[in-house]
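The structure under discussion appears below in the form of structure tokens.
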Amino acid sequence: MSNQKKVDSKEAFNLEYTVSPVASSVNPIIYNQELCIGCNRCAQVCQCDILFPSKEKGRHPIVMYPGECYYCGACVMVCPNPGAITLKHPLMNRAKFVPVK
Amino acid sequence: MNRSEYKWPYANESGMEEMVQSDVLVLGGGLSGCFAAIAAARKGLSVAIVEKGAIEKSGSAGTGFDHWESACTNPCSGVTAKEIAEAYVREQDWYSNGIAHYIECREGYDRLLDLESFGGKVRDTEDEFVGAEFRDENTKLMFAYDYKNKFTIRVWGSTFKPALYRELKKLGVKIYERTEATGLLVSSDSGGTVRGAGAMGMNVRTGKFYVFRAKSTVLAMSRPARVWLFDPDLTGLCEFRPMQSIGSGHAMGWRAGLEFTMMEKTVRAEFSAAGRSFPPYGAGNNHNTWYAATMVDARGVEIPYVDRDGRELKTVSERYYPAPGQKFFLKGGVIDNPKYEYRGPETLEFDELIKRGYQLPFYADLSRMPESERKVIWGMMIGEEAKTKIPIYQNYTDRGFDPSKHMLQSYGTGWQSANFLEQERQFFGAPGGVMHDWDLKTNVDGIYACGDQLYASDCAGFACATGYYAGRKASDYAKTVGLAEINSQDVQAEKERLYAPLYVRSEEGITWKELNSAISKAMQNYCGGVKCDSLLLEGLDLLKSFEKDIVPSLYAENPHDLMRTHEVMDILTVAQIVLHASLARKSSSQPLCFMRSDYPEIDPACDRKHIVLRQEDGKPVTREVPLDFFGDLEEEYEKRNQRYIREEAVHHE
Ligand SMILES: Cc1cc2nc3c(=O)[nH]c(=O)nc-3n(C[C@H](O)[C@H](O)[C@H](O)COP(=O)(O)OP(=O)(O)OC[C@H]3O[C@@H](n4cnc5c(N)ncnc54)[C@H](O)[C@@H]3O)c2cc1C
Ligand code: SF4
Ligand code: SF4
């Protein structure tokens, strides 16, 4: 494509990346800081790469891109401390069950 | 949190470049890619694998799967590979991948044994289901669907990806994770023959640029998505397959001149938990993972199962056996409404139920089933199936669901709990993809493909078997050639293309979400349920204008965003492949779910063929291939795989 901008590698190297949590109507991942040891295993396996390590050692990761969650549960599966991380479906996706007749 | 509080946590390596060399390069680290790499490494070649996510949990089967289909060579099987592969071909009216299905039926069980040797769980070693009708007491294998013929195996798929990851490391495969492949490298020799030379890519955390040179390349990047279905808020839920897989393998293949077929085939969407459906396997139903759950209506009246002749089945057990006079039946991922010959037990049709006074909503009621069937559906299958261990099993249990006490609601009129419009389409049920020969080689020498990236692809066993096979053939080829030359201009152009969105100012830029929304709206408008030339051309015109006017304005602030932006650029390419493929077929077709208002004739004999499509000098070029181009499946396979049969295949008495 002719209208792409020329990339100078020196210029590229000086680029600063910025990031901040992107708002979404949902909170798919909920951390419990009481239980989380900040090991970042959850961030390591998330295939969508939506969990970012915290700047502070020992603190839970940040859910940077909640809308990109695939709701696979991999992050919960690898967590060494049950309860430190919870996956929550959007309200509209909570199927109903009733006592058998 | 504001911008100044959180800094990008990974190194900034934009503009840095690394060159990697290997004999075999595998793009995509899902089931098929892992097996391709393993096959090549076992042959003693050097292998590099490139995966956008983290292999331990990436791909469609990242968190598991529960059915292993077409294990025709397992010791309990009552069917042959030839029988089942040919049945699939007939069931899909020859718009089927005969070659890949045969490989699956013939070698799939060998791959399952591989997985077991890597530490995956494939049989009931803990004796949880002793005495169950679906369990073989000698081998401890557990079967699904057809208990007489025993060719679908229930597996603990959540153990598989971690096992494959360990094996790759053990074999010394060079692993590049969090790295997206973005473009193929091809080179042409003095005679003008084109061959694969490797690929390029970018680390999605650091922005580092990679050039992967290799003697042969295997494409294993799954299939397209988000072409019609897009939700800027719940993007990760738009599609059935993972967010990461949007058909970039198709897009880079198109740019490199690879051939595709059946790209005109799309179905009315079946899954999109961003709107019209529920989390997969999370609503009451009796298909797939839930087969053959007892269903009841709103009053609690049981819904009858019938065999293919309409005979009502009295017991739960009968739901798992062929009808009188029927050898076997087909069920599974792509089997929707099978022909009489292959039709298995099913609940009475919806219209008939309503006529008889059954009342909505329906529910799945496992409490009425024998304990072993209840436990295997809720606890094993729901638990091992992708996206069920935490999202369904744990979440519903935490909410108080007990399958012996509760019944789970089904939504809408069908079993899918989905309610899509005709123009909301999806690549589902064996869609189009890369065209290939008996070596799973594409039309370009040195480039192979496997798994969901192949046309009319299917399931996990299919992915593992074709991955291994493609890896084997790519290795054979790599042994005969040196590294191909690469063109530094191609590399420079790719680098510029990849980084360009970082240089657009946010105030002036367009985000990937805005473009994805526009593409999916365009595709719903111009390439929906019913198609015609003038609308398709209008669609192409609009998408071309996006490419020219909008792509240069795409804006990204970091490598993650850049990855999403590249994805949408690829979706834009895939959408154009679909439009070209649709324009090329001048009739309607039932098996391709392809309806034309300007060419309404359905499946005329002259059009029962593959219309194979590729790009040359920026223009689509087609050729025709007979639907039975693969020949006699068993004969052709055996011609080419004697060494495998002698040295690697598992032989049973
Ligand atoms: C919810 C669900 C349930 C399923 N259940 C079953 C079942 O029970 N039984 C069954 O047989 N089948 C099942 N399937 C289908 C089966 O999982 C897939 O067919 C199979 O995993 C496909 O394997 P693959 O290697 O082709 O693709 P995948 O396993 O999806 O792997 C593709 C990989 O490519 C990577 N990738 C994509 N683009 C790039 C790029 N540009 N660069 C680098 N890497 C890239 C992705 O991150 C991904 O890891 C299910 C699928 C889903 C989604
Ligand atoms: S559920 Fe899956 S996609 Fe969502 S944060 Fe966890 S690992 Fe990532
Ligand atoms: S894996 Fe668990 S303990 Fe580790 S950071 Fe994530 S939530 Fe915390």
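The values are calculated or read from the model by the stated rules, or taken from the named source; none is laboratory data. Just so it is clear, the model here is predicted, and its values are computed rather than measured. Don't worry about glycine lacking a Cβ; one is built from the backbone with ideal geometry, like all the others, and counts go over all protein chains shown. Just the protein is used for accessible areas: all its heavy atoms, side chains included, with ligands, DNA and RNA removed. Shrake-Rupley method; radii C 1.70, N 1.55, O 1.52, S 1.80 Å.
What residue, of B:33, B:29, B:53, is part of a helix (DSSP H, G or I), within 14 Å of another protein chain (Cβ to nearest Cβ) and at pLDDT 95 or above? Explain how you work it out, then say what you get.
On the way: B:29 fails: part of a helix (DSSP H, G or I); B:53 fails: part of a helix (DSSP H, G or I).
Exactly one residue qualifies, and that residue is B:33.
When the residues of segment B:424-446 are filtered to those that are touching a helix residue (DSSP H, G or I) at 6+ places or on another chain (Cβ under 8 Å) and of a type in the set (A, V, I, L, M, F, W, C), the one that is farthest from ligand 3 (Cβ to nearest atom) is B:438.
Which count do you get for residues in segment A:83-97 that are at the interface with chain B (Cβ under 7 Å from one of its Cβ atoms), touching a residue at least 12 places away in the same chain (Cβ under 8 Å) and touching a strand residue (DSSP E or B) at 6+ places or on another chain (Cβ under 8 Å)?
Looking only at segment A:83-97, we keep the residues that are at the interface with chain B (Cβ under 7 Å from one of its Cβ atoms), and these are A:87, A:89-90, A:93, A:95-97.
Subsequent filtering for residues that are touching a residue at least 12 places away in the same chain (Cβ under 8 Å) retains A:87, A:89-90.
Those still in the list that are touching a strand residue (DSSP E or B) at 6+ places or on another chain (Cβ under 8 Å) too: A:87.
Residues flagged as at the interface with chain B (Cβ under 7 Å from one of its Cβ atoms), touching a residue at least 12 places away in the same chain (Cβ under 8 Å) and touching a strand residue (DSSP E or B) at 6+ places or on another chain (Cβ under 8 Å) within segment A:83-97 amount to 1.
Scanning segment B:451-501 for residues that are more than 25 Å from residue B:192 (Cβ to Cβ) and among the acidic types (Asp, Glu), we see that the one that is modelled with the lowest pLDDT is B:458. Here residue B:113 meets each of (1) part of a loop (DSSP other than H, G, I, E, B); (2) open to solvent by 10 Å² or more (accessible area, probe 1.4 Å); (3) among the hydrophobic types (A, V, I, L, M, F, W, C) with one exception, condition (1). Restricting attention to segment B:36-50, the residues being within 12 Å of ligand 1 (Cβ to nearest atom) and in a helix (DSSP H, G or I) number 2.
Could you look through segment B:400-433, keep only residues that are hydrophobic (A, V, I, L, M, F, W, C) and part of a strand (DSSP E or B), and pick out the one that is surrounded by the fewest Cβ atoms within 10 Å (Cβ to Cβ)?
Here is the first cut: in segment B:400-433, the ones hydrophobic (A, V, I, L, M, F, W, C) are B:401, B:407-408, B:415, B:418, B:420-421, B:427-428, B:430.
Next cut, part of a strand (DSSP E or B) only: B:407-408.
Working: B:407: 26, B:408: 23.
The selected residue is B:408.
Across segment B:16-26, which residue is nearest to the other protein chains (Cβ to nearest Cβ) among those that are open to solvent by 50 Å² or more (accessible area, probe 1.4 Å) and among the acidic types (Asp, Glu)? Checking each candidate, the answer is B:17. If I filter segment B:4-15 for residues that are over 22 Å from residue B:158 (Cβ atoms), more than 8 Å from chain A (Cβ to nearest Cβ) and not in a loop (DSSP other than H, G, I, E, B), do I get at least one hit? Looking through segment B:4-15, none of the residues is over 22 Å from residue B:158 (Cβ atoms), more than 8 Å from chain A (Cβ to nearest Cβ) and not in a loop (DSSP other than H, G, I, E, B).
Identify all residues within segment B:537-574 that are open to solvent by 20 Å² or more (accessible area, probe 1.4 Å) and of a type in the set (Val, Ile, Thr); write none if there are none. Within segment B:537-574, B:550 is the sole residue that qualifies. Could you run through segment B:308-344 and say how many residues are within 22 Å of residue B:376 (Cβ to Cβ) and in a loop (DSSP other than H, G, I, E, B)? Total meeting the criteria: 14.
In contact with a Leu (Cβ under 7 Å, 6 or more places away or on another chain), more than 14 Å from chain A (Cβ to nearest Cβ) and open to solvent by less than 30 Å² (accessible area, probe 1.4 Å), is that true of residue B:39? So residue B:39 does not fit the description; no. Filter segment B:588-601 down to the residues that are buried (at least 17 other Cβ atoms within 10 Å of the Cβ) and either more than 14 Å from residue B:529 (Cβ to Cβ) or of a type in the set (Lys, Arg) (or both) and list them by number. Result: B:591, B:596, B:599. Is it the case that segment B:219-229 has a residue that's within 18 Å of residue B:425 (Cβ to Cβ), away from chain A (no Cβ under 12 Å) and not in a loop (DSSP other than H, G, I, E, B)? No, the conditions are met nowhere in segment B:219-229.
Reported count of residues in segment B:345-399, each being touching a residue at least 12 places away in the same chain (Cβ under 8 Å) and either under 24 Å from the mean Cα position of the chain (by Cα) or part of a loop (DSSP other than H, G, I, E, B) (or both), is 26. Per the conditions (1) within 16 Å of ligand 1 (Cβ to nearest atom); (2) open to solvent by less than 40 Å² (accessible area, probe 1.4 Å); (3) without any contact (Cβ under 8 Å) to a residue 40 or more places away in the chain, the sole criterion not satisfied by residue A:69 is (3).
Would you mind stating whether residue B:239 is open to solvent by 40 Å² or more (accessible area, probe 1.4 Å), within 11 Å of ligand 1 (Cβ to nearest atom) and among the acidic types (Asp, Glu)?
On the way: open to solvent by 40 Å² or more (accessible area, probe 1.4 Å): no; within 11 Å of ligand 1 (Cβ to nearest atom): yes; among the acidic types (Asp, Glu): yes.
In short, no.
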